[in-house]
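Heads up, the thing below is written out as structure tokens.
The values are calculated or read from the model by the stated rules, or taken from the named source; none is laboratory data. As the structure is a computational prediction, the values presented were derived from the model and not from experiment. Ideal geometry is used to build each Cβ from the backbone, glycine not excepted, and the neighbour counts take in all protein chains shown.
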Amino acid sequence: MRNRFAETFFEIATNDSRQCMIVADISPAGSMARFRDEHPDRFINTGVAEQVMIGMAAGMCQRGLRPFAYTIATFALYRPFEMVRDDLCYQGLPVTVVGIGGGVTYSTLGATHHAQEDVAIAMSVPRLNVLAPCDPLEVEAMTRWCATQEIGPVYLRLGKAGEPKLTEHIAQPWEFGRVRWIRTGGDHCIITYGVITKMVVDLSEELTSSGISTSVLTVPTLKPLDYEGLAEALKSHDSVTVIEECVPRALGMEVQSLAFRIGYGGAVRTFSLQDEFIHCYGSHSDILQAHGLSLDRIIEGFKMQTK
Amino acid sequence: MTDSVSRCRRYRRRILDISQRVTALHIAPAFSCTELVDVIYNETMRHDAPEDIFLMSKGHGCMILYVILAERGILSDEDLLSYCTPSGRLGAHPDFGTPGIAASTGSLGHGLSIAAGQAYAEFLKGSHVKTFCVVSDGELQEGSSWEAMMMSANLRLGNLTMIVDNNDFSGLERMSIGHPAFYPLTQKFESFGWSVATCDGHDADSIRTALASSDGKRPHAVVATTVKGKGVSFMEHENLWHYRSPSQAEYAQAIREVEQT
């Protein structure tokens with residue numbers, strides 16, 4: 001995801017002199033380094049100083065530039081939170097805050113580097129649009145959209161590296177504010193977003209092969225939510241299961257609330273990160289598992305409840 | 001030039017008048033920087049397009065900006081009369097989108113970073129637009145202010161001037177008593193790569209000289225010694241008047257004193 005973002009930005013920014021990259025002491029890999037070398041004036045490193053990164057992005061945007069503010073998700077959103085809220089959202093500026101390693105992607109670095117609440121927090125801020133791509137193709141589409149949209153500030157939650165393509169053969173293109181079907185035709189619907197979509201696709205295949213046919217819906221735009229698309233998903237399936245790499249107050253709660261509002265008769269299950277700091281170090285899936293987001297546990301829960 | 005004296009008398013009177021229409025208003029923080037904002041806005045800034053930028057980082061001092069904007073026709077008298085009412089558009093802190101307001105401020109320690117971004121954008125565009133940012137001494141306690149100061153110097157923002165309304169008061173207490181390690185200020189700015197000038201923040205000539213001393217090659221700081229509540233004896237150095245409207249009798253006395261300046 002990181003590389004696809006950098007490549008896409010490089011291409012856009014090469015042809016659009018308004019595009020700027022502001023980073024806070026994060027190593028510019030691949031195309032980002034090339035952009036820094038070719039356009040040093042439009043690549044700014046504020047150092048270990050995230051408040052000025054966001055504040056400057058706001059000021060630059062007010063004077064007609066299109067800044068991306070880019071660093072590790074915790075430092076992009078949490079450390080300068082009031083600048084994101086006041087300078088970007090209150091002022092309604094189309095700046096993109098890019099959080100690398102959203103969720104618990106930085107699985108060996110401990111909770112200081114886990115943006116396990118990022119989506120829930122970002123969704124609660126007025127005017128902040130929240131995007132979480134599930135694969136490099138969505139990263140590219142979103143980056144292109146972010147660079148020129150006039151709607152307002154965006155929190156773009158990326159993973160890290162090595163995420164597989166999941167949407168290559170999907171006819172429906174990514175569109176801001178719309179849900180997307182990865183697999184269709186099942187009796188039960190699994191709803192997710194972001195890096196763990198690959199895990200959910202694997203889950204869906206396993207469930208389907210064991211006789212529980214499932215569809216997979218991704219929600220690349222967490223805010224504004226596509227309530228209409230979600231309602232359709234609920235109505236066309238016997239049950240819905242939300243699986244998300246975030247603490248419990250994000251998409252799962254929204255879907256539960258929607259199900260209540262529309263009088264949905266099926267079961268609504270939610271699987272999320274725990275509302276807890278987990279002192280565990282290992283692979284991404286190790287940390288997810290420590291939080292209870294493991295294939296085995298979800299499948300077990302699924303089978304028990306669909307009997 | 002004595003015009004500044006008469007303008008500032010007029011501005012203080014206007015602010016006192018508005019104070020009688022609302023239950024509370026930041027009088028003292030506005031009187032502290034009345035001459036500063038007057039000299040910057042009316043004498044230093046270029047107002048032909050592309051206009052220079054004025055950013056009030058100490059948002060609670062915005063009454064002085066409002067009355068200047070109204071005098072220049074950028075805001076209307078109706079705007080001032082409807083201050084802090086549901087039918088109006090002016091609040092106790094500046095709101096971006098309102099004519100003449102460069103940024104939404106109010107939470108301290110934000111304005112200088114935004115000003116640095118605006119100044120850098122103008123540098124990238126190759127324009128001659130200058131950015132003037134008024135900060136309070138209290139808000140320089142925010143770490144973000146020093147992040148912005150460091151970056152402004154790294155980027156050699158010669159088109160950025162920060163004016164410190166150095167009235168020795170934060171919300172709770174005198175800065176010099178509660179936070180002696182905050183001083184000295186000028187050496188701190190110099191060590192961060194800024195040029196620095198000091199002035200009497202209520203003397204127009206002194207302010208002009210300090211503003212003009214920027215070399216245009218690096219960011220410039222003007223540290224202005226000011227009196228919170230300047231111009232009204234019972235408000236001067238009295239933190240009570242940070243956010244309070246005077247009674248009728250207090251208003252009458254304040255007007256008398258302002259007229260005598």
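Here are a few things to note about the model shown:
- Checking residue A:14 against (1) within 13 Å of chain B (Cβ to nearest Cβ); (2) assigned to a helix (DSSP H, G or I), the condition it does not meet: (1)
- Of all residues making up region A:29-49, the number that are facing chain B (nearest Cβ under 8 Å) and not hydroxyl-bearing (Ser, Thr, Tyr): 5
- Boolean, residue A:68 is in contact with a Lys or Arg (Cβ under 6 Å, 6 or more places away or on another chain), more than 8 Å from chain B (Cβ to nearest Cβ) and among the aromatic types (Phe, Trp, Tyr): no
- Count of region A:52-66 residues, restricted to those that are surrounded by fewer than 24 Cβ atoms within 10 Å (Cβ to Cβ) and assigned to a helix (DSSP H, G or I), is 1.
- Listed by position, the helices (runs of 4 or more DSSP H) contained in region B:45-137 that have at least 1 residues being away from chain A (no Cβ under 14 Å) and touching a residue at least 40 places away in the same chain (Cβ under 8 Å) are B:62-71, B:77-81.
- Counting the residues of region A:251-299 that are touching a Ser or Thr at 6+ places or on another chain (Cβ under 7 Å), closer than 20 Å to residue A:226 by Cα and in a loop (DSSP other than H, G, I, E, B) gives 1.
- Meets criteria (of a type in the set (Val, Ile, Thr), more than 14 Å from chain B (Cβ to nearest Cβ) and over 15 Å from the mean Cα position of the chain (by Cα)) for residue A:130: no
- In summary, strands (runs of 3 or more DSSP E) completely within region A:114-199 and bearing 1 or more residues that are in contact (Cβ under 8 Å) with a residue 60 or more places away in the chain, basic (Lys, Arg) and crowded, with 18+ Cβ neighbours inside 10 Å occur at A:154-157.
- On inspection, residue B:189 does not qualify as at pLDDT 95 or above, surrounded by 16 or more Cβ atoms within 10 Å (Cβ to Cβ), within 30 Å of residue A:18 (Cβ to Cβ) and in contact with a helix residue (DSSP H, G or I) (Cβ under 8 Å, 6 or more places away or on another chain).
- Criterion: hydrophobic (A, V, I, L, M, F, W, C) and touching a His at 6+ places or on another chain (Cβ under 7 Å) - qualifying residue of A:72, A:12: A:72
- Of all residues in region B:1-40, those being free of Cβ contacts under 8 Å to residues at least 40 places away in the same chain and among the acidic types (Asp, Glu) number 2.
- The residues listed here are B:18, B:40; of these, the one that is part of a helix (DSSP H, G or I) and farther than 22 Å from residue B:139 by Cβ is B:18.
- If you go through region B:20-42 and keep only what is farther than 20 Å from residue B:166 by Cβ and buried (at least 22 other Cβ atoms within 10 Å of the Cβ), you end up with just B:25.
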